[in-house]
Structure formats: structure tokens, C-alpha cells
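What follows is a single structure, written as C-alpha cells, with notes after it.
The values are calculated or read from the model by the stated rules, or taken from the named source; none is laboratory data. Every value quoted in this text rests on a predicted model; they were computed, and no experiment measured them. So basically every Cβ, Gly included, is an ideal-geometry build from the backbone, and we count neighbours across all protein chains shown. Just the protein is used for accessible areas: all its heavy atoms, side chains included, with ligands, DNA and RNA removed. Shrake-Rupley method; radii C 1.70, N 1.55, O 1.52, S 1.80 Å.
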Amino acid sequence: MRDKFLLAFRSIKERKARSILTVLGIAVGIAAIVALMSVGYGMEHAITGELTEMADMISVMPGEIRGATYVERGSFTDRDVSDLQRIGGIKDISTMTYDAAKVEYRNENVPIFVFGGDTKELEGFYVDPVGLKEGRWLRENDYKGCVIGDRVANDFFDEVLHVNDKLVINGEKFIVVGVFEKGDMLYSNDVDRNIFLTLRAAKEVLRTDEIKYIIVRVYEIDEAEGIAEEIEERINDNHGLDDFAMAMTMGSMIEMMGDIFNIIRGVLAGIAAIALIVASIGIMNTMLMSVMERTHEIGVMKAIGAKSSDVLSLFLLESSIVSLMGGVIGCLLGWVVAKVLSFLASTASGLEIAAIVKPEVLLGGIAVALIVGVLSGFYPARKASKMSPVEAVRYG
Amino acid sequence: MIHTENLSKTYRMGEVEVQALRDVNLEIKDGEFIAIIGPSGSGKSTLLNLLGCLDKPTSGAVFIDGINTGKLSENALAEIRREKIGFIFQQFNLIHTLNALENVALPMFFAGVGREARLKKAEELLVKVGLGDRIYHKPSELSGGQQQRVAIARSLSNDPEVVIGDEPTGNVDTEAGDAIMDILEGLNRDEGRTIIVVTHDAEIAARAGRTKRMRDGKVLD
Ligand SMILES: Nc1ncnc2c1ncn2[C@@H]1O[C@H](COP(=O)(O)OP(=O)(O)O)[C@@H](O)[C@H]1O
Ligand SMILES: [Mg+2]
């Protein structure tokens, strides 16, 4: 076996340039698989990781998600809230409201979404993951304070807003006490374009008692799903509709994300599969050329007593070595590419994505390379083994 | 040792048929040194290829040690080529990626001989053909005569009863040709091996114990 290996290796070395190209072809295919999967896992981990931190939370919204858009049905009433308080297993309920308001700064008027809620809840929900660039977060008695999102501070007005700047919201004066960092992919919609007030101040300036959003925290994460169903039932009863409210646990959001990731993974696998098919055509081509070039050599081997199976195994070994090298190099290459891609994805999305290179992906990559090598080497190897000794020797 | 019964071979190239061998009945005895001569195209190579089990007859049969080779499987034929017959070609047919030692050891590799034993035997054989100082040379680093001597050493590696040479001196100069014939003669005289050579050279043919002449695919008496 060792000798066969050496013999096969010798002929790979003999055709250095072509062997290197074939190895590279496979390496690129495998690298694509490894890199795409590793970045995929990293992305999934980054996103579900952030969501998991909030696993005890149920978001309750007056409306439903149709396709990709949220359709609002109205708003919650105080009765809805007091009904929720009667459901067992709930630790905490906080209500929020939001609406567009006219915001004025140095004679410029811009419509901006104003968000009001329990400051502690909002802190856990937005400040902890996104962070503040300037100033501090709202306190419960900050009736005249506001915290603004990154785009509100930097893009919406001619001048950049800072802490202690004064805004007029629907005619009421507020002072900026804090500015958010730029939110990442998950948060930018909710934070960057909004102004945050205490619940009381928001109700006042928006002139509303409407509750647009309720966040419920439960004691037991296991019970969240059941509690969410009960919440929907009670609120739907109150409004006489069977789909007025939507209560979503973080678990179901994570599941939703999981579905999305399955699709992404499928697409990535498709791309990688194409890369591999191209690579395997490359191996087959190399091996076929190798067989053709060595018609004479094969004939000589058979003339001096090599069996068909000897020739078959030699050529299969050769294509396996080539593809194995391609697999190993591809894994290393894929690793590097995954790191680079995840770095780029991190800067692009603002989300901290670290590529996760799983050992099983590496092993799988090498295994796939080997399988591809053996399968695409099989036809040329068989062709070689079927040659008659005299046919081959004649063309020497 | 080897005999043929009505051995015929027809090559077909599209519409054209060439009868390269017609009903050849030949008997070669154990330990014989036989030379086959004849003009180019008379079917000498075709005959040797059939005797050496490199090719299959269109009709008739080759018997080796009483066994009808036409009835053998591919693997059994490979085994005969490996164990019973040493073949020497006009073009040497060494494997150019392997050095002399590895070329000589190759048939033993296919026979499953261990590495140590293989290389030891190969070296002995190279010494025997006078190339003890060239064992690590690649074919491209050897002269034609030297390459043919490597090929002879290779043909002997599995200790065959028969050595078949198709114009073994055809591609080397007279001096190297004589050296090659000396070796073949020695194999016959000292070791009792059966030698079958095809040659153009009457002088070389004269060194054989028996000479057969071929013409138009027939062996003449
Ligand atoms: N593979 C082949 N296909 C077609 N014709 C062949 C083939 N091999 C040999 N021949 C023909 O058969 C005849 C005998 O050839 P060969 O045995 O090589 O003669 P020699 O060795 O005596 O010169 C020649 O006419 C040759 O052209
Ligand atoms: Mg000839």
C-alpha cells in the first residue's frame, strides 16, 4: 500500500503544474463550502445569541405580521393591561406607545417617531444591546429629557445634535440627555430613527393614552409559549376579534430566524455544490488527460504483469491524493476566507459576527473532496484499467 | 513449453482487414533459443505479442505448459505475463518517472513481493546485466544499450521460464547489440531459460539454436 501510494504520488509530482491546478480547483470548491457554512453559523449565532439573552420576554402587538410587513389593528386598552396582570407566571408588564411627532430644532421641522415606555424596560431592550455614544439613559422622572437615535442626531437636521441640545416635540421643550450608538442590523430600525421619552412624557406630547406595544416578562422561560397564547386569547376576547393581538415569544422569533437561516444555508450549499461540480469536472479532466498521456505507461505496466485492478487502484489512489490535498488546502483556505468574510459582514451590519468553523464542517469538507475525487477519478481509472497491454504498448 | 495451434490474427481497421498471421503452428521446446526472422510486416511482432499473452488471437490458440491461454481470465493472463514470461521491447518501454532500480522492481511490486526483497533482487539483476553502478539513474540518463539492459533485468525480475524479445537490438548500436545478445545467450546457456527473439540481423540470428523464417503471416519451414 505504501508503495502504491509512492507510485501514485510520483506521477502526481511528475505533472506538477496540472496537479497543482486540479488541487486548487478542488480547494476552491471546498473553501467555498467551509467559508460559507462557517460564516452562516457565525451569523446565526450572533443573531440568535442576542435574542436568547431576552428569552424571558414576550412582545405583544396590536396587529399581525403579514408576509414581511406589520399591519396595525389599533391599540391596547387599560383593560387589556389589567387583564394581563391576572395571568399567572408573569413577572412584569410594561406598556409603550409611539407615534410620529413634529420635532423642531433651530427652526428646522422634521417628523420623527417618538417612543415612550417604562425606562427600565427600554433600557434592557435597547440601551443594553445598542449602547449610548453620549450622555446617559432616561430616568423615570426625566419628564423633559429625551434620548435620540444615531440618525436623528446625525442625519435628520442640518446640524449634528449633542447632549444638552434642546428640541421642541409637538410644541413641548425637551433636552437631549443621551445619544444612542448606531444600531446594528437587528436594531437600526427600532433605534436609529427614533426619539425616546418617558412613558408619561410621550403620552403627553403625543396626546394619547393609546398603548401600542406591551412587553411581558415571565418567570419561567418554558412557560412563555403557553402564556403568549393566553395573552392573545384574552386580548382578542376584549376586542371581539380572533386575531387582534399578536404575542410573540423570543423563542418563536428565534425559530423564525432558524427558518430563515435554513433557507440561507440551502442557498449557500447550492453555490458550494456548483463550485464542487466544477472542481470534479476538473479532476475528471486531469485524470483523463493523465490516462491518455500515460496510455503507453499503462500498457507497459500491464505487459509486465499488472492486473486491471492494480491499474484501477493506482489511478484511483492518484485522484484521491489529489482531491485529499485539495480538501485539506480548501479547509485552510475556507477558514481564512470565513474570517475575512465575517469581518466584512461585521463592519457592514454592525453586528458582531465571528465565523464559527466547526470541526465537523472541516471533516465534512475533506470527506466531500475525497468522495468527489474518487467518483470523478473512477471513470478515467476504469478506462485505464480496461486498456489492452498491446494496444497501449504499440503507441509508445 | 509453448506451442500454437492454427494461430491466426486479423486486424480490422474500418473496412480494411489485414491478415497479419495465418494458421501458425509452432512448437518451442523448454530451454530452446529460437530466432524469428523475416521482412518487415510479415507478422513477427504479432506472433510475439500472442506468444507473450499481450494480445488475443482471432482464431487458434497459444498453449503454455499445456494450458490453453485462450481459456484464461484477464487476471490469469496477467499472472502468466508476470510470472512465466519476460518481455523485452524494441523501444525498451521503461517507465520514465522511475529510476532503473524501481523499473526493475516494478513487476515484483505487482507480484506482491515486499519492498526490501524487491529492491535487493532488482539490484542483483542490475549487477548481473552490468549496471550495478547505474541503479539510481532515470532512463533518460542512460544510453539506449543501457536502457535495454535495464529492460532485460526487469524481464527477469519474476524469474520467468521464457524471455521474449521483439527486436531487442533494433534500437541500439552493434556493440551494445552484441552485449545484449551475450546476456540473452547466457540466460539460455547458463540458466536454461527459453529465449525467443525476433531480429533483422542474420548475424544475431546465427547465435540462436534454431531460426524460423516468416513471410506474409506464415511461419516457413
Ligand atoms: N494494430 C494493428 N492494426 C492494423 N494492422 C496492424 C496492426 N498491427 C500490425 N498490423 C499489420 O499487420 C501486419 C504484421 O505486422 P507486424 O506483426 O507488426 O509485422 P512485423 O513485426 O513483422 O514487422 C502488418 O501488415 C501491419 O501493418
Ligand atoms: Mg515488428
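Solvent-accessible area per residue in chain B equals 44 Å², computed with a 1.4 angstrom probe and all protein chains kept. Using a 1.4 Å probe on protein heavy atoms, which residues of the range B:88-113 have at least 20 Å² less accessible area in the complex than alone? Buried on complex formation: B:Phe89, B:Asn93, B:Ile95, B:His96, B:Thr97, B:Leu98, B:Glu102, B:Leu106, B:Pro107, B:Phe109, B:Phe110.
Computed extension gain for A:Asn107 through A:Met289, at 0.36 nm per residue and net of the alpha carbon distance, reaches 57.8 nm. In a simple Cβ point-charge model (Lys, Arg +1; Asp, Glu -1; nothing else charged), the range B:64-108 has a dipole of about 100 debye relative to its Cα centre. Scalar couplings 3J(HN,Hα) for the range A:269-284, obtained by applying the Karplus form with A = 6.51, B = -1.76, C = 1.60 to θ = phi - 60°, are 4, x, 4, 5, 5, 4, 4, 5, 4, 4, 4, 6, 4, x, 4, 4 Hz; x denotes Gly and Pro. Taking every DSSP helix (H) stretch of at least 4 residues in chain A, weighting each as -39,500 (n - 2.57) and dividing the sum by the residue count yields a mean residue ellipticity at 222 nm of -19000 deg cm²/dmol. For A:Lys4 and B:Gln19, the FRET efficiency from 1/(1 + (r/R0)^6), where r spans their Cβ atoms and R0 equals 45 Å, is about 0.60. Taking the centroid of alpha carbons for each part, the range B:1-40 and the range A:357-375 are 53 Å apart. With both labels modelled 7 Å from their Cα along Cα-to-Cβ, the A:Ile175 to B:Glu203 distance reads 12.1 nm.
What the Kirkwood sum gives for the range A:1-79 is a hydrodynamic radius of 18.7 Å, with every pair of different alpha carbons counted.
Placing a label point 7 Å from the Cα of B:Asp30 along the Cα-to-Cβ direction, the residues of the range B:135-168 whose backbone N falls under 16 Å of that point are B:160-163. For the range A:280-312, a reduction of at least 40 Å² in accessible area between the chain on its own and the assembled protein chains (probe 1.4 Å) is found at A:Glu297, A:Val300, A:Ala303, A:Ile304, A:Gly305, A:Lys307. Considering only A:Tyr187, A:Gly63, A:Val152, the residue lying farthest towards the positive end of the dipole of the range A:56-249 is A:Val152, judged by Cα position with unit charges set on Cβ. Take the Cα of A:Glu159, step 7 Å along the line toward its Cβ, and report every residue of the range A:85-118 whose backbone nitrogen sits under 11 Å from that point. Label zone hits: A:105-108. Residue by residue along B:71-82, Cβ atoms of other protein chains within 10 Å of the local Cβ number 4 on average.
Only DSSP H runs of four or more residues enter the estimate; each adds -39500 (n - 2.57), and after division by the residues of chain B the mean residue ellipticity at 222 nm equals -10500 deg cm²/dmol.
Each pair of Cα atoms in chain B enters the Kirkwood radius, and Stokes-Einstein at 37 °C and 0.692 mPa s then converts it into a translational diffusion coefficient of 185 µm²/s. Debye calculation, C-alpha points only, no solvent: report log10 I(q)/I(0) for the protein assembly as shown at q = 0.08, 0.09, 0.10, 0.12 Å⁻¹, in the same order as the q values. Here the Debye-derived log intensity ratios amount to -0.69, -0.79, -0.91, -1.15. For the range A:56-249, the tally of Lys pairs with Cα-Cα distances below 12 Å comes to 5, considering only residues 8 or more apart or on different chains.
Per-residue mean of foreign Cβ neighbours for A:382-390 is 3 (Cβ atoms of other chains, 10 Å radius). Descending by average beta-carbon neighbour count within 10 Å, the peptides B:77-90, A:368-381 line up as B:77-90, A:368-381, the highest first. Interface B-A: total buried accessible area of about 2200 Å², 1.4 Å probe, protein heavy atoms only. Measuring heavy-atom accessible area with a 1.4 angstrom probe and counting protein chains only, the residues of the range A:10-30 that give up at least 30 Å² relative to the chain alone are A:Arg10, A:Glu14. Once the C-beta distance of A:Arg86 and A:Leu332 is scaled by a Förster radius of 35 Å, the resulting FRET efficiency is 0.05 to the nearest 0.05.
Just subtract the alpha-carbon distance of B:Lys120 and B:Glu83 from 0.36 nm times their residue separation and send over the number in nm, one decimal. Length gained between B:Lys120 and B:Glu83: 11.5 nm. Ligands, DNA and RNA left out, the 1.4 Å accessible surface of the protein assembly as shown is 54% carbon and sulfur atoms. Dipole magnitude for the protein assembly as shown: about 3660 debye, using +1 per Lys or Arg Cβ and -1 per Asp or Glu Cβ, origin at the Cα centre. Summarising the label geometry, the points placed 7 Å from Cα in the beta-carbon direction at A:Arg73 and B:Asp133 lie 10.2 nm from one another.
Across peptide B:50-59, the average count of Cβ atoms from other chains found within 10 Å of a residue's Cβ is 3. When each of the peptides B:133-142, B:44-53, B:1-10 is scored by the mean number of other C-beta atoms lying within 10 Å of its residues, the order from highest to lowest reads B:44-53, B:1-10, B:133-142.
For the range A:56-249, a Kirkwood radius taken over Cα pairs fed into Stokes-Einstein (25 °C, viscosity 0.890 mPa s) yields D = 142 µm²/s. Extension gain for the segment A:Glu391 to A:Ala367, taken as residue separation times 0.36 nm less the Cα-Cα distance, is 5.0 nm to one decimal. Over 29 Å apart at the Cα level, from the set B:Lys9/B:Lys120; A:Lys386/B:Lys84; A:Lys16/A:Lys307, are B:Lys9/B:Lys120. Look at where the Cα atoms of the range A:254-313 and of the range A:56-130 average out, and the two centres are 56 Å apart.
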